[in-house]
Structure formats: C-alpha cells, structure tokens
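Just below is one structure, and these are the notes that go with it.
Nothing in this text is a laboratory measurement; each read-out follows from the coordinates by a stated rule. Worth saying up front: this structure is predicted, and the values here are computed from it rather than measured.
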C-alpha cells in the first residue's frame with residue numbers, strides 16, 4: 001500500500017543533542033513538508049521541498065535542518081539550537097500542484113529529557 | 001498578515017448536526033481544505049473548496065464564501081467516532097507551492 005511513514009513514533013532528546021526524524025513516502029510525490037504541532041496551536045510549517053535536492057524554509061525554520069537527496073525521503077534534524085523542541089512533528093507529501101491535498105504521516109512526538 | 005480563526009472547542013450530541021466555522025485573512029487565496037485529526041494521529045483529508053458554494057460528501061459538507069473569507073464544515077448524523085479535531089487550512093494565492101496555512105483546529109466532543 002502507498003503511504004507516508006514517520007519514525008520513530010516517540011523520541012527523547014537530551015540537552016545539547018541533535019536528533020533526526022525520519023520521513024519516507026512511496027506515493028511518488030514531488031513535494032514534501034514538515035509541520036510542527038503544539039497544543040492549542042495550528043500546524044506550523046518548518047521546511048518544505050518541491051523537488052529533489054531543493055528545499056525552502058517555512059515559517060519556523062530556526063533550529064531545524066533538512067535534506068532531500070532522494071525523492072522518497074525528507075529527514076528533519078532538530079538541532080541543539082532549537083530551544084523548545086517538545087512538540088508533535090508531522091511530515092506530509094503532495095503531488096505539488098495547487099489544489100492537491102496533503103497526505104500526512106502518523107507523526108513523531110519529540111520530548112526533552 | 002495571515003490569519004485563520006476557528007472555535008477552540010465544540011460539543012454536540014450523537015445523531016445531531018454540528019457546524020464548525022472558519023474565517024480567514026490571507027494575502028491571496030488558492031483553495032481551502034478541511035482535515036480531521038484524532039489525538040496522536042495523522043490528519044486525514046475531508047474536503048476541498050476553491051469556488052464558492054457547498055461541496056457534499058456523505059455525512060460531511062463544506063461551504064465556502066470567498067468574498068466573506070468564510071468557510072464551514074457541516075457534520076450530519078453525528079457518531080461517537082466523529083470526536084476529533086477539525087483543521088481548517090488555506091493555500092494562499094501568493095504561493096504556487098502546495099504549502100498550507102492552518103488554523104488552530106476545533107476539538108469536537110460528541111456525547112451520547
């Protein structure tokens with residue numbers, strides 16, 4: 001079955017540590033996105049990529065980094081510069097054209113130890 | 001600026017009808033989406049409106065008025081499984097990408 005897979009489901013970060021969240025899709029979608037979800041707030045865009053080897057900052061990119069070396073994969077690294085990393089992280093993909101819906105992964109809950 | 005407003009919480013009774021409103025102010029407009037999200041799970045697509053009017057899909061309908069910057073999601077014959085958060089999202093017209101701007105979501109509780 002086609003879909004979008006995020007791992008791990010739960011992740012803990014120690015202070016000063018970088019952690020990487022995985023996102024893989026087999027939908028053959030060109031565009032991929034990372035959103036952050038905090039309680040009581042809407043999804044906020046961290047980074048997005050419309051094509052392999054290209055990505056753009058979203059609204060809250062500081063303290064995060066991404067890569068898009070393969071069409072199927074769009075990993076997100078939460079660096080030590082992100083001072084408030086505790087959140088639910090959602091990866092999504094789409095065909096990339098306006099009007100096309102986003103397909104979401106099941107999310108990663110990141111917590112700070 | 002970009003702003004999307006939804007009520008934070010709503011409560012309704014099983015079998016009833018509920019309407020969840022969404023108002024938006026964006027630099028442009030290129031479509032409005034509604035998603036359903038159960039706690040700790042992925043948002044799932046419910047509906048898409050780009051032209052004014054009502055789109056019906058089973059028990060769910062979505063309405064759009066672009067001149068008023070307003071949309072609503074109508075849920076009929078409510079079931080307990082409809083208890084979830086409902087996310088309104090707008091694709092602004094200044095972007096030719098697929099990225100969406102989300103409201104804070106409306107948590108709907110369906111009671112027996």
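Any chance you could check the Cα centroid distance between the stretch A:1-77 and the stretch B:30-76 for me, in angstrom?
25
Given a 10 angstrom Cα cut-off, can you work out which residue in A:25, A:41, A:82 is the most mobile in a GNM of chain A?
Answer for the Gaussian network model of chain A: A:41.
With an 8 Å cut-off on Cα pairs and a minimum separation of 6 or more residues, tell me the relative contact order of the stretch A:1-54 in percent. Write out the running numbers ahead of the final one.
Details: 56 pairs, mean separation 15.9, N = 54.
Once normalised by length, the contact order is 29 percent.
Taking Cα pairs under 8 Å and at least six residues apart, what relative contact order does chain A come out at, in percent?
Numbers: 289 pairs, mean separation 39.2, N = 113.
Across chain A, relative contact order equals 35 percent.
Send over the per residue convex hull volume for chain A, Cα only, as a whole number of Å³. Before the final figure, lay out the partial values.
On the way: hull volume 11.1 nm³, N = 113.
Convex hull volume per residue, Cα atoms: 98 Å³.
How large is the Rg to Rh ratio of the protein assembly as shown when both quantities use alpha carbon positions and Rh follows Kirkwood?
Working: Rg = 17.4 Å, Rh = 18.0 Å.
Taking Rh as the inverse mean 1/r over Cα pairs, Rg/Rh reads 0.97.
Normalise the Debye intensity by I(0) for the stretch B:51-112, one equal point scatterer per Cα, no solvent, then take log10 at q = 0.19 Å⁻¹ and round to two decimals.
These q points yield log10 I(q)/I(0) values of -0.87.
Normalised by the residues of the stretch B:23-112, what does the relative contact order come to in percent, with Cα pairs under 8 Å and at least six apart? Don't skip to the end; give the middle numbers.
Working: 178 pairs, mean separation 27.0, N = 90.
Rounded, it is 30 percent for the stretch B:23-112.
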